[in-house]
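Below: one structure, written as C-alpha cells.
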Amino acid sequence: MPLSASSRRRLSRLNVSSTSASRARREITCDDGHNQRRDLTAKNAKGANKRRLTTKGTLNAERSRLTTSESFLGETMLDTARRIAMLRQMVQVRAFEEKLDELYQKKAMYGSTHSYRGQEAIAVGVCAALEPKDLIASYHRGTGHLVAKGADLYTLLCECMGREDGYSKGRGGKMHMGDMGFGFIGNTGTVGGTVPTATGAALAAKTRGSDEVVVSFFGDGAANQGVVHESMNLAGVWKLPVIYVCENNQYAMTVSLKKSVAIEHLSERGPAYGFEGKTIDGNDVEAVYDATRAGRPKGEAAAARRLSSA
Ligand SMILES: Cc1ncc(C[n+]2csc(CCOP(=O)(O)OP(=O)(O)O)c2C)c(N)n1
Ligand SMILES: [Mg+2]
C-alpha cells in the first residue's frame with residue numbers, strides 16, 4: 001500500500017496481553033500525529049458544516065463505486081492469498097477514509113470526522129484473526145473496524161452521511177452505529193464508553209456457554225478512563241473471553257501519552273488485572289494477526305459449561 005512520507009515516519013507499536021489460560025487482551029499502539037491534525041481541522045470546520053448538502057445523486061454515484069468489503073473471517077492460516085486479501089482490505093479502509101474526507105470537505109457530511117488513516121493494519125490484522133461469530137466494539141475512530149469486520153460499505157456510507165439506509169437509520173452517524181448482523185456491538189463518541197459494553201458482552205458469552213470472543217478497541221487516551229480500569233479488573237476476576245485492543249497513537253487530542261502516564265508501555269498494566277500484556281508493532285498486520293490468533297480463546301467457555309453441567 002503506498003504510504004505518504006508522513007505515514008512512513010510514524011512509529012507504530014501494538015501491545016498484546018493474554019491470561020495464562022490463553023485468553024487474550026490486546027493493546028495496540030500506533031503513533032499518528034496526522035490524525036490529531038485532522039481532528040483539529042474537523043473541529044475548526046464544525047461551524048461551517050451545518051448545512052446538509054448531500055443529494056441522492058451523490059449517494060447513488062458513490063454506491064456504484066462501492067462494493068461490499070471483503071470477508072475472510074474464520075480463516076486460520078496466513079497463506080499468500082490471505083496476505084493479499086489483508087493488503088486489499090487495508091487499501092479499502094484507506095480508500096474509504098479518503099472518500100469520507102472528500103465528502104466532509106464538500107460539506108456533504110454532518111459533524112466531525114476522525115480518520116482511521118495510518119492504523120489500518122490494526123483493524124484488519126485483529127478482525128482477520130476472529131471468527132465470524134465473534135463481536136467487536138469500537139470508538140470514535142471506528143470506520144476501519146467496521147470495514148474490517150465486514151460492514152456493507154454502502155450502508156456504512158449512508159450512516160456516515162445521516163441517511164435512512166444507514167446502519168442506525170442515519171440517526172447515529174459515523175460515531176454511533178451498530179449492527180449485530182456482522183458482530184458490531186457499536187461505537188460511541190464517549191471516550192472509553194464501549195469498553196464496559198464489550199466486557200459485558202464477554203460476560204454474556206461466558207454465561208451462555210458460547211465460545212464467542214469479544215474485542216474491545218479503544219485509544220490510549222481512553223486507557224486512563226476509570227471505567228476502563230473497572231472493566232479490565234472484572235474481566236481478570238471473571239476470566240472473560242475479551243481482547244482489549246488499545247490503539248496507541250501517542251496522543252489524546254493534544255495530550256501526549258508521555259505526559260499522561262508514568263509507564264513506558266500501557267501493556268505493563270495487564271498483570272495488575274491478572275492477565276498478560278504485550279506490545280506489538282501496530283503497522284505490522286501479520287504480527288497483529290498472529291498475536292490475536294495466538295491468544296484467541298478456543299471454546300473455553302463451552303468447555304467450562306460442559307464441566308459445570310457434568
Ligand atoms: C468521556 C469523554 N471525555 C472527553 C472527550 C473528548 N475527547 C474526544 S476524543 C478525545 C481523545 C481520545 O484520545 P484517544 O483515546 O487516544 O483516541 P484517539 O483520538 O487518539 O484515537 C477526547 C478527550 C470525550 N469524547 N469523552
Ligand atoms: Mg490516542
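Bear in mind that the values in this text are calculations on the coordinates, not laboratory data. All of these numbers come straight from a predicted model, not from anything done at the bench. Don't worry about glycine lacking a Cβ; one is built from the backbone with ideal geometry, like all the others, and counts go over all protein chains shown.
Take the residues of the stretch 221-232 that are surrounded by fewer than 24 Cβ atoms within 10 Å (Cβ to Cβ) and under 17 Å from Tyr273 (Cα atoms): which is nearest to ligand 1 (Cβ to nearest atom)? Step through it out loud before you land on a result.
The first filter runs over the stretch 221-232 and keeps only residues surrounded by fewer than 24 Cβ atoms within 10 Å (Cβ to Cβ), leaving 221-222, 224-230.
Keeping just the survivors that are under 17 Å from Tyr273 (Cα atoms) gives 222, 224-230.
On the way: Ala222: 4, Asn224: 9, Gln225: 7, Gly226: 10, Val227: 9, Val228: 10, His229: 14, Glu230: 14 Å.
Looking at residues that are surrounded by fewer than 24 Cβ atoms within 10 Å (Cβ to Cβ) and under 17 Å from Tyr273 (Cα atoms), I get Ala222.
Does at least one position in the stretch 242-255 carry a residue that is away from ligand 2 (no atom under 16 Å from the Cβ) and either surrounded by fewer than 21 Cβ atoms within 10 Å (Cβ to Cβ) or in contact (Cβ under 8 Å) with a residue 40 or more places away in the chain (or both)? First the steps, then the outcome.
Taking the stretch 242-255 first, the residues away from ligand 2 (no atom under 16 Å from the Cβ) are 242-243.
Now drop any that are not either surrounded by fewer than 21 Cβ atoms within 10 Å (Cβ to Cβ) or in contact (Cβ under 8 Å) with a residue 40 or more places away in the chain (or both), which leaves 242-243.
Within the stretch 242-255, one or more residues are away from ligand 2 (no atom under 16 Å from the Cβ) and either surrounded by fewer than 21 Cβ atoms within 10 Å (Cβ to Cβ) or in contact (Cβ under 8 Å) with a residue 40 or more places away in the chain (or both).
Given the conditions (1) within 12 Å of Ser138 (Cα to Cα); (2) out of contact with any Lys or Arg (no Cβ under 9 Å at 6 or more places or on another chain); (3) of a type in the set (S, T, N, Q), and given that Ser256 satisfies all but one, which numbered condition is not satisfied?
Against the list (1) within 12 Å of Ser138 (Cα to Cα); (2) out of contact with any Lys or Arg (no Cβ under 9 Å at 6 or more places or on another chain); (3) of a type in the set (S, T, N, Q), Ser256 comes up short only on (1).
From the list Gly144, Gly200, Gly173, which residue is part of a loop (DSSP other than H, G, I, E, B) and either in contact with an Asp or Glu (Cβ under 7 Å, 6 or more places away or on another chain) or under 30 Å from Ser260 (Cα atoms) (or both)? Spell out the reasoning first.
Details: Gly144 fails: part of a loop (DSSP other than H, G, I, E, B); Gly200 fails: part of a loop (DSSP other than H, G, I, E, B).
Answer to the selection: Gly173.
Which one is farthest from Thr292 (Cα to Cα), of the residues in the stretch 226-239 that are of a type outside the set (Gly, Ala, Ser) and under 19 Å from the mean Cα position of the chain (by Cα)?
Of the stretch 226-239, the ones of a type outside the set (Gly, Ala, Ser) are 227-230, 232-234, 237-239.
Within this subset, residues satisfying the condition of being under 19 Å from the mean Cα position of the chain (by Cα) are 227-229, 232.
Values: Val227: 24, Val228: 20, His229: 21, Met232: 18 Å.
Out of the qualifying residues, it is Val227.
Listed residues Ala262, Ala201; which is farther than 30 Å from Tyr110 by Cα and either without any contact (Cβ under 8 Å) to a residue 40 or more places away in the chain or more than 17 Å from the chain's Cα centre (by Cα) (or both)? Before the answer, list the steps.
Numbers: Ala201 fails: either without any contact (Cβ under 8 Å) to a residue 40 or more places away in the chain or more than 17 Å from the chain's Cα centre (by Cα) (or both).
Just one listed residue meets the conditions, Ala262.
Within the stretch 233-275, count every residue that is among the β-branched types (Val, Ile, Thr), closer than 18 Å to His145 by Cβ and within 15 Å of ligand 1 (Cβ to nearest atom). Break it down into steps so the answer makes sense when it comes.
Filtering the stretch 233-275 for residues among the β-branched types (Val, Ile, Thr) gives 237, 242-243, 245, 254-255, 261, 263.
Checking which are closer than 18 Å to His145 by Cβ leaves us with 242-243, 245.
Keeping just the survivors that are within 15 Å of ligand 1 (Cβ to nearest atom) gives 245.
Final tally of qualifying residues: 1.
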